[in-house]
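To keep things clear, I will list the structure first and then write my remarks on it.
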Amino acid sequence: MSIFDDLGKKISKAGGNAVEKTKQRTEISRINGRIKEENKKIDESYRKIGEMFVENFREEAPEEFLVFIRQIDESHDNIEKYLEDINKVKGVKKCPSCGTILPDDAHFCSKCGIDFKEAESRRLSEEEEGSNQIMACPECGAIIKEDVDVCPACGVKIER
């Protein structure tokens, strides 16, 4: 019987070890989950700091930040173009005045009443008026508005 007693003790001990290991792994997983949540909070805080920095200090940003700000601006522009592409595929357009989504063949906005042809001709004449308010960046030659302080293409500060 002693063989069976020894075997029973070994099985009992092995089972106890397995239970203990399972408890350890569960506790480690729980703690790792907390660490992951804290890292998410850190990442979100960094993201918010970055957004606030760009929003509030865009014009005064140090040179080393300008490349990232330009990348952000370029990505926002690309997203707008992609959204326009989606609207084209769907056969709709966005009202330039209020943002309402309308059928592509609409001539007036059903929400704000704007006449699209009139708005387009007004936009073109404003562009013509504003065309003599542009200049070339002294650093890279990009066409920029005269009232900007930093070239959006190369990031050089514009001296007046």
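No lab work stands behind these numbers, since they all come straight from the coordinates. All values reported here derive from a predicted model rather than from experimental measurement. Here the Cβ positions follow ideal geometry from the backbone for every residue, glycine too, while neighbour counts run over all protein chains shown.
Quick rundown of the values:
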item: Mean Cα-pair separation over length for the chain, i.e. relative contact order, pairs under 8 Å, 6 or more apart, %; result: 12 percent
item: Karplus 3J(HN,Hα) series, Hz, for the stretch 93-102 with 6.51 cos²θ - 1.76 cosθ + 1.60 (x for Gly, Pro); result: 9, 9, 4, x, 8, 10, x, 5, 7, 10
item: Nearest-0.05 FRET efficiency for R34 and Q71, computed from C-beta distance (R0 41 Å); result: 0.80
item: The chain: angle of helix 63-90 to the longest principal axis, Cα-based, in degrees nearest 10; result: 80 degrees
item: Ordering of 28-35, 136-143 by packing [mean C-beta count within 10 Å, highest first]; result: 136-143, 28-35
item: Angle in degrees between helix 2-57 and the longest Cα principal axis of the chain, rounded to the nearest 10; result: 20 degrees
item: Relative intensity, log₁₀ I(q)/I(0), of the chain from a Debye sum that treats every alpha carbon as a point, q = 0.08 Å⁻¹; result: -0.54
item: Gained length - F53 relative to C98, 0.36 nm times residue gap less alpha-carbon distance; result: 13.4 nm
item: Label zone at K145, where the point sits 7 Å out along the Cα-to-Cβ direction: the stretch 37-68 residues whose backbone N lies under 18 Å; result: 55-61
item: Nonlocal amide H pairs with C154, under 5 Å, H built at 1.01 Å; result: none
item: Packing-based order for 12-22, 107-117, 52-62, using average beta carbon neighbours within 10 Å, highest first; result: 107-117, 52-62, 12-22
item: Cβ-based exposure ranking for I69, I49, in which fewest neighbours within 10 Å come first; result: I49, I69
item: Tilt relative to the chain, helix 116-130 - C-alpha long axis, 0 to 90 degrees, to 10; result: 80 degrees
